[in-house]
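Below is one structure, written out as structure tokens; comments come after it.
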Amino acid sequence: MAVAQVGDHIYVIGGYPSTRISASTVQVYDAGADSWQLAAPYPTPINHASAVELDGMLYVIGGQTTAGRGSYTSAVHAFDPKTKSWIQRAPMPTARSSMAHAVIDGKLYVAGGRPPRGHDFAVYDPNTDKWTVLPDMPTARNHMAAASIGGKLYVAGGRFGGGFRSEITAALEVYDPATNQWASKQPMPQPRSGHNGLAVNGCFHTFGGEHPSAGPSGVFPDHVVYDPSTDRWTRLPDMPIPVHGVTGLALVNGWIHLPGGGLRMGGSSGATQHQVFRPEMRCF
């Protein structure tokens with residue numbers, strides 16, 4: 001499913017449980033009250049979408065309407081927490097799912113996606129409601145983690161094929177909007193896919209993921225952090241509950257929130273756990 005925050009509220013959008021039937025459910029966590037509630041459903045059932053906050057609005061981008069590969073969509077909808085309603089916005093230039101995304105200077109950058117959209121890269125400006133196609137991401141991939149640090153977009157790991165058994169990569173590539181160019185950086189300590197990421201204090205935290213190489217459950221417990229100032233990765237203590245299948249994280253009152261996720265490799269599991277981590281590492 002997709003996860004994003006607006007203020008101190010965390011939104012969990014769509015996804016699918018063990019039935020593999022896509023959901024339009026939107027669940028909201030109020031950090032101040034430590035409670036969950038339901039919000040207005042997404043306009044269509046959706047999975048493998050991206051979600052992000054822009055100018056106080058919750059945007060949900062792309063994804064697919066059924067499990068497995070196919071049914072990709074370019075649709076974009078924005079949720080207004082004040083009116084509690086969804087508004088249709090300009091669609092992406094191409095239909096895709098399992099992308100990576102981050103916000104830089106108020107604009108949304110979306111990279112990669114399931115084949116044949118692994119190279120796709122575009123930016124959305126909410127002020128004009130327009131998309132602009134940008135230079136292809138060098139390594140075509142999907143199910144990767146991304147974060148923005150210092151005005152640049154970092155994209156880590158991912159898989160080459162559409163399924164969870166396909167080859168995975170440790171690649172780390174960075175895009176600089178100032179030069180409109182991509183560059184390669186130090187790869188992750190090991191290949192990962194289906195993982196999640198967030199930037200805190202200038203550090204790129206990545207969590208979890210899935211692949212047969214991860215062990216009996218097929219789910220990685222790994223928590224590794226990239227420091228752009230040294231171009232190095234550091235391994236921190238493993239996640240208490242290894243998960244995959246979550247796109248996007250939230251940072252509220254100094255805590256990284258990791259809600260939900262699959263406990264076994266593939267789309268046959270889902271869970272309601274809600275994990276948090278307080279980061280202390282700084283990368284400046």
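FRET efficiency for the pair A178 and A90, taken as 1/(1 + (r/R0)^6) with r the Cβ-Cβ distance and R0 = 22 Å, rounds to 0.35. Separation of region 3-33 and region 235-273, taken as the distance between their Cα centroids, equals 13 angstrom. In plain terms, the chain from T66 to D105 could stretch by 10.7 nm, reckoned as 0.36 nm per residue minus the Cα-Cα distance.
Model label sites at R165 and R235, defined 7 Å from Cα along the beta-carbon direction, differ in position by 2.7 nm. For the chain, the spread of Cα positions along the three principal axes, ordered from largest to smallest, is 45, 42, 38 Å.
Distances between placed amide hydrogens fall under 5 Å for I149 paired with Y154, all partners being 5 or more residues away or on another chain.
Once the chain from A33 to N253 is taken as fully extended at 0.36 nm per residue, the excess over their C-alpha distance is 77.9 nm.
A crude spin-label estimate for the pair D8 and M281, with each label 7 Å from Cα along the Cβ direction, gives 2.8 nm. Lysine pair count for the chain (Cα-Cα distance under 24 Å; residues 8 or more apart in sequence or on different chains): 9.
Taken together, the values in this text are just the output of simple stated rules run on the coordinates, not laboratory data. Here the structure is a predicted model, which means the values were calculated and not measured. Positions of Cβ are generated from backbone atoms using ideal geometry, with glycine treated the same way; all protein chains shown enter the neighbour counts.
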